[in-house]
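J.: Could you have a look at this structure, given as structure tokens, before my questions?
The values are calculated or read from the model by the stated rules, or taken from the named source; none is laboratory data. Bear in mind the structure is a predicted one, so any value in this text is a computation, not a measurement. Neighbour counts run over all protein chains shown; Cβ positions are idealised from the backbone, glycine included.
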Amino acid sequence: MSRLDLVLPDRAAPVRSARTTLRARTADIHQALHVAAPFAAIAEGRATVAGYGEVLLALHAFHSSMAPAVERACRELALPDLHRACERRRQALAADLRATGAAAAPADAPAVPVGDAPWAVGCLYTLVGSTLGGKVIHRQLDYLFTGSAGREFFAGTPDDGRHWRLFCHRLEAFAAAQHRLTPVVEGAHFAFGHFASCLELRS
């Protein structure tokens, strides 16, 4: 027997989770939003209430227009509690708009055509993931607000972590059944890009 006969075959490459793949394939656009001018101003303590109000209006346009996709994805993943939580976030956002006086009645956002179920699930990945980052922004707003009024949307709720974990669990099962992640990634990319567009319109 030669030495070559003793060489073991390479181990199979580990299978990446759907969540890991989505994070890797949306990293660039996600990071670009983190350092976008309005959020940089908040992080650096330079934001004004008026400037922050523009961010809220962009968020209102985004979440209002994404509501049908959120409803579709939550139905597909059998997550009614998550859908209700997303609706409560929209209500908190409306309350923040009133508290800051940004707009008495913000204009309706243009409708977003709802794609198929995998696309909608990708959109939902972006929205649900943002709840955790929002808690960081909530703390960064201490210099503008002494209480919860005006930043309830970013404060979120104690259930946010549980909703995220359950969503990730259902995402993995959904992705395994689909056998391909491309439309899910496309949905996530769309959601990130759509929010960037909403933010640019308010800048």
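J.: Restricting the search to the range 145-171, which residues are assigned to a helix (DSSP H, G or I) and surrounded by 14 or more Cβ atoms within 10 Å (Cβ to Cβ)? Steps first, please.
T.: Step one: list which residues in the range 145-171 are assigned to a helix (DSSP H, G or I), which gives 152-155, 160-171.
Answer for the range 145-171, where residues must be assigned to a helix (DSSP H, G or I) and surrounded by 14 or more Cβ atoms within 10 Å (Cβ to Cβ): GLU152, PHE153, PHE154, ALA155, ASP160, HIS163, TRP164, LEU166, PHE167, CYS168, ARG170, LEU171.
J.: Of all the residues that make up the range 15-35, how many are outside any helix (DSSP H, G or I), of a type in the set (A, V, I, L, M) and within 19 Å of GLY134 (Cα to Cα)?
T.: If we filter the range 15-35 for residues that are outside any helix (DSSP H, G or I), which is where we start, we get 15-17, 26, 35.
Add one more test, that the residue is of a type in the set (A, V, I, L, M), and what stays is 15, 35.
Filter once more, so that each one left must be within 19 Å of GLY134 (Cα to Cα): 35.
Summing the residues that are outside any helix (DSSP H, G or I), of a type in the set (A, V, I, L, M) and within 19 Å of GLY134 (Cα to Cα) in the range 15-35 gives 1.
J.: Quick one: GLU186 ticks every box in (1) under 18 Å from the mean Cα position of the chain (by Cα); (2) at pLDDT below 95 except a single one, so which number is it?
T.: Status for GLU186: all satisfied but (2).
J.: While we're here: Filter the range 79-100 down to the residues that are surrounded by fewer than 19 Cβ atoms within 10 Å (Cβ to Cβ) and in contact with a Gly (Cβ under 7 Å, 6 or more places away or on another chain) and list them by number.
T.: Correct list: ALA99 only.
J.: Within the range 12-71, which residues are more than 14 Å from SER197 (Cα to Cα) and of a type in the set (Asp, Glu)?
T.: Answer for the range 12-71, where residues must be more than 14 Å from SER197 (Cα to Cα) and of a type in the set (Asp, Glu): ASP28, GLU44, GLU71.
J.: Moving on to the next point. Quick one: in the range 93-150, of everything that is modelled with pLDDT of 90 or more and acidic (Asp, Glu), which residue is farthest from GLY45 (Cα to Cα)?
T.: ASP116
J.: Shifting gears a bit: Regarding ALA61, is this residue at pLDDT below 95 and outside any helix (DSSP H, G or I)?
T.: Values: at pLDDT below 95: yes; outside any helix (DSSP H, G or I): no.
No, not satisfied.
J.: Checking GLY187 against (1) touching a residue at least 60 places away in the same chain (Cβ under 8 Å); (2) outside any loop (DSSP other than H, G, I, E, B); (3) under 18 Å from HIS60 (Cα atoms), which single condition isn't satisfied?
T.: Here GLY187 meets the rest and fails (3).
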